[in-house]
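Engineer: Questions regarding the structure given below will be posed in turn.
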């Protein structure tokens, strides 16, 4: 799918791709090869690919398109530099391939290169030589395409990020990743799916699955019964809830991690994003975005109802405290916060901190349905 295949997503265009009345009629009257439940980036892309392959596809979501995890990310398309420290070389290589595809073929109008500065402080967790070696490996895994890997002095680092805290600063790594408007990327993908013949309906909660012969043969959504041959469960934080509609005894597959971001005023002169290493292996981002500065993120296990997710005061305190490791107090100050948002990462079931959980894709072909999810950046 090229940028031109996404088409113009300006005013009026998206709505013209979706005729809700006609879509509901088709859901009730037709039989589909595939029903995709969940219209985040994973579900939208699965629906698009299936539609373009000639399948009869329906894509439904309980809320808005991309309304959950897929619009609450760090707005980054990145290779996962911190995953190198955990030895996840294959994951980093795969992410680089996806990043390059998005930049060059899939959505060049929505994904753009973004330079990052990774400061090295005298009392920080990493030495300059280690940062330089990691950036070289990172660029090598991208095939040295759409990459930059160099170590610069404090003066150049401050030129790129004028607000950078300089006390104890000895050097900085500079590398390249990419940025997107995640919500627009989902919407553009859903529009492309609709134009490929996919029936797309939002604000249509799935309330049950009908089985025959040990497999799913229909999806119930309110008063509608949508007949189908297969289902893809791409519901993100609700993945286990939907699985249990087909198999009430299904053991959980996923655990959730809460990620919070703050949006603050952007100081003048920023030419790059900031990525500050934290002692626990995470990084604190400060990313220019839509004329503001995005700070984050947290990575904490979440056991509540996904629909009840909220930003707590302690989340705000944590992000500001971590941002202050690389930014002066007047930038990482509560009075500059304009708004905050939270999202949920969907991770394979496991133990230990969610920050250390593996991020590889997991696909389960169940006895009665298909399940698929992928953690968002």
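The values are calculated or read from the model by the stated rules, or taken from the named source; none is laboratory data. Since we're looking at a predicted model, the values are computed, not measured. Backbone-built Cβ (ideal geometry, glycine too); neighbour counts: all protein chains shown.
Engineer: Applying the selection to the stretch 88-108, what residues are touching a residue at least 40 places away in the same chain (Cβ under 8 Å) and touching a strand residue (DSSP E or B) at 6+ places or on another chain (Cβ under 8 Å)?
Structural biologist: 99, 102, 103, 107
Engineer: Can you confirm whether the stretch 226-236 contains a residue that is in contact with a strand residue (DSSP E or B) (Cβ under 6 Å, 6 or more places away or on another chain), surrounded by fewer than 21 Cβ atoms within 10 Å (Cβ to Cβ) and in the same structural domain as residue 205 (by TED's automatic domain parsing)?
Structural biologist: Applying the first criterion (in contact with a strand residue (DSSP E or B) (Cβ under 6 Å, 6 or more places away or on another chain)) to the stretch 226-236 yields 226-228, 230-236.
Among the residues that remain, those that are also surrounded by fewer than 21 Cβ atoms within 10 Å (Cβ to Cβ) are: 227, 230.
If we keep only those that are in the same structural domain as residue 205 (by TED's automatic domain parsing) too, we end up with 227, 230.
Taking every residue of the stretch 226-236 in turn, at least one turns out to be in contact with a strand residue (DSSP E or B) (Cβ under 6 Å, 6 or more places away or on another chain), surrounded by fewer than 21 Cβ atoms within 10 Å (Cβ to Cβ) and in the same structural domain as residue 205 (by TED's automatic domain parsing).
Engineer: Here's a follow-up. Which one of the conditions (1) modelled with pLDDT of 95 or more; (2) in the same structural domain as residue 21 (by TED's automatic domain parsing); (3) in contact with a helix residue (DSSP H, G or I) (Cβ under 6 Å, 6 or more places away or on another chain) does residue 218 fail to meet, given that it meets all the rest?
Structural biologist: The one condition residue 218 does not meet is (3).
Engineer: Against the condition within 21 Å of residue 157 (Cα to Cα) and modelled with pLDDT of 95 or more, how does residue 119 come out, does it pass?
Structural biologist: Yes: the conditions hold for residue 119.
Engineer: Using the structure shown, decide if residue 313 is surrounded by fewer than 17 Cβ atoms within 10 Å (Cβ to Cβ), without any contact (Cβ under 8 Å) to a residue 40 or more places away in the chain and farther than 25 Å from residue 348 by Cα. Step through it out loud before you land on a result.
Structural biologist: Values: surrounded by fewer than 17 Cβ atoms within 10 Å (Cβ to Cβ): yes; without any contact (Cβ under 8 Å) to a residue 40 or more places away in the chain: yes; farther than 25 Å from residue 348 by Cα: yes.
So residue 313 fits the description; yes.
Engineer: For residue 145, only one of the following conditions fails: (1) surrounded by 14 or more Cβ atoms within 10 Å (Cβ to Cβ); (2) more than 30 Å from residue 226 (Cβ to Cβ). What is its number?
Structural biologist: (1)
Engineer: If we keep just the residues of the stretch 38-80 that are under 22 Å from residue 285 (Cα atoms) and part of a loop (DSSP other than H, G, I, E, B), which is nearest to the chain's Cα centre (by Cα)?
Structural biologist: 73
Engineer: Considering only residues that are at pLDDT 85 or above and either assigned by TED's automatic domain parsing to the domain that holds residue 261 or part of a loop (DSSP other than H, G, I, E, B) (or both), which ones fall in the stretch 349-373?
Structural biologist: If the condition is that a residue be at pLDDT 85 or above and either assigned by TED's automatic domain parsing to the domain that holds residue 261 or part of a loop (DSSP other than H, G, I, E, B) (or both), then 349, 353 are the ones that fit.
Engineer: For the stretch 109-123, does any single residue satisfy the condition of being in a helix (DSSP H, G or I) and in contact (Cβ under 8 Å) with a residue 24 or more places away in the chain?
Structural biologist: no
Engineer: Separate question: If you check 137, 133, 85, which single one turns out to be over 20 Å from residue 326 (Cα atoms), touching a residue at least 24 places away in the same chain (Cβ under 8 Å), assigned to a helix (DSSP H, G or I) and more than 23 Å from the chain's Cα centre (by Cα)?
Structural biologist: Only one candidate passes the filter, namely 137.
Yes/no matrix, rows are residues, columns are (1) modelled with pLDDT of 95 or more; (2) surrounded by fewer than 20 Cβ atoms within 10 Å (Cβ to Cβ); (3) in contact with a helix residue (DSSP H, G or I) (Cβ under 6 Å, 6 or more places away or on another chain):
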{"position": "84", "(1), (2), (3)": "no, yes, yes"}
{"position": "91", "(1), (2), (3)": "no, yes, yes"}
{"position": "108", "(1), (2), (3)": "yes, yes, yes"}
{"position": "112", "(1), (2), (3)": "yes, yes, no"}
{"position": "159", "(1), (2), (3)": "yes, yes, no"}
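Engineer: Can you confirm whether the stretch 279-294 contains a residue that is over 22 Å from the mean Cα position of the chain (by Cα), assigned by TED's automatic domain parsing to the domain that holds residue 169, under 20 Å from residue 165 (Cα atoms) and at pLDDT 95 or above?
Structural biologist: no
Engineer: Somewhere in the stretch 292-307, is a residue touching a residue at least 60 places away in the same chain (Cβ under 8 Å), touching a helix residue (DSSP H, G or I) at 6+ places or on another chain (Cβ under 7 Å) and assigned to a strand (DSSP E or B)?
Structural biologist: yes
Engineer: Out of 158, 92, I need the residue that is assigned to a helix (DSSP H, G or I) and closer than 28 Å to residue 331 by Cβ. Which one?
Structural biologist: None of the other options fit; the residue is 158.
Engineer: Is one or more of the residues making up the stretch 193-207 under 26 Å from residue 19 (Cβ atoms), outside the structural domain of residue 324 (by TED's automatic domain parsing), out of contact with any strand residue (DSSP E or B) (no Cβ under 7 Å at 6 or more places or on another chain) and in a helix (DSSP H, G or I)?
Structural biologist: There is at least one residue in the stretch 193-207 that is under 26 Å from residue 19 (Cβ atoms), outside the structural domain of residue 324 (by TED's automatic domain parsing), out of contact with any strand residue (DSSP E or B) (no Cβ under 7 Å at 6 or more places or on another chain) and in a helix (DSSP H, G or I).
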